[in-house]
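The values are calculated or read from the model by the stated rules, or taken from the named source; none is laboratory data. Treat the numbers as computed from the prediction; the structure is a model and nothing was measured. Cβ coordinates were reconstructed from backbone atoms using ideal geometry, including for glycine residues, and neighbour counts include every protein chain displayed. With ligands, DNA and RNA removed, areas are computed over all heavy atoms of the protein, side chains included. Shrake-Rupley method; radii C 1.70, N 1.55, O 1.52, S 1.80 Å.
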Amino acid sequence: MKKILFLIALFNLPLQLVGLPEQEFSILNSLNAQNIQLHYDFGRNIYTGAESSRSKVTITLEQFKADSWGSWYYFVDVDLSSRFTESAYTEISREFKLGKTTPFAAHIEYDGGLSRNGSFQQAGLIGASWNGHNADFSKTYSVQLLYKQFFKSYDNTRPYASAQLTGVWGLHFLNRKMTFSGFIDFWRGEKANGHGCLVILSEPQLWYNFTRHFSVGTEWEFSNNFVYNNDPASTQTFFWNPTVAVKWTL
């Protein structure tokens, strides 16, 4: 699940195919995957002032697809309220393998979206990634180093250059009944006064897989200089926003 300004390229989404041997199934797991998630967010309950406008319900659709050249990945986060669709945010990335045996790949990405009150500041990213996994794909990882260009997307924003470091991990254990996956992002952001700041965002997820398709779990969002603070009297920049969630893997 991604929130208001993040990126990640996962290649460890669990895709279950009935009738395949376990080893074959594990390999296909990492090559093509699609799921839909429903999250209930407790952030507004924890930070009643600072996050008074935070949506409590988010639907996430994500897909990964590998091919002979590399891979595609995208996700769409849709934030809902009792009356409106509050926002939709997407990240779309493409990786190109740099060789048949090398773990390195070229990475390009677009981030952006719309909200009921405007839009998110769009960004384009380009760089390199280092990807790996163990023999049965029960452990996967990716490290990405990217140039990030923010664009002027609406009033009171300006284009500026940045850089982003991303780490992604996935771990299946207890005979694949449990999945621990997530990402951490570091990038240079800008405050309203134009001063630079280090933005940190991490969203680890823990899932219990009842079947090959249905999972129940939680996501914990940790961030610094990322969440917009609605409380004018507060200078808080670090937030922890947990969710309870269900996931259906196609």
Tyr147 paired with Ile108, simple spin-label distance in nm, labels 7 Å along Cα-to-beta-carbon: 1.3 nm
Determine, for region 49-194, the count of lysine pairs separated by eight or more sequence positions (or lying on different chains) whose alpha-carbon distance falls under 21 Å. 9
Using θ = phi - 60° and the Karplus form 6.51 cos²θ - 1.76 cosθ + 1.60, what ³J(HN,Hα) does each residue of region 232-241 get, whole Hz, x for Gly and Pro? x, 8, 9, 10, 5, 10, 9, 9, 10, 10
Between Thr85 and Thr235, 0.36 nm times their residue separation minus their Cα-Cα distance comes to what? 51.1 nm
FRET efficiency, 1/(1 + (r/R0)^6) with R0 22 Å, evaluated for Asn134 and Arg212 via beta carbons: 0.60
Could you give the angle, 0 to 90 degrees to the nearest 10, between helix 22-31's Cα long axis and the longest principal axis of the Cα atoms of the chain? 40 degrees
Which ³J(HN,Hα) values, rounded to whole Hz and listed in residue order, are derived for region 35-43 from phi using the Karplus coefficients 6.51, -1.76 and 1.60 in 6.51 cos²θ - 1.76 cosθ + 1.60 with θ = phi - 60°, glycine and proline given as x? 8, 10, 10, 10, 10, 10, 9, 9, x
Could you list which residues have their amide H under 5 Å from that of Glu221, counting only those 5 or more apart in sequence or on another chain, with H placed in the peptide plane? Asn241, Thr243
Rg [Å, one decimal], Dmax [Å, integer] - region 63-205, C-alpha atoms: 17.1, 51
If you roll a 1.4 Å probe over the heavy atoms of the protein chains, what accessible area per residue do you get for the chain, in Å²? 50 Å²
Once the principal axes of the Cα atoms of the chain are found, what is the range along each, listed largest first in whole angstroms? 58, 38, 26
On the accessible surface of region 29-74, probed at 1.4 Å, how many percent belong to carbon and sulfur atoms? 63 percent
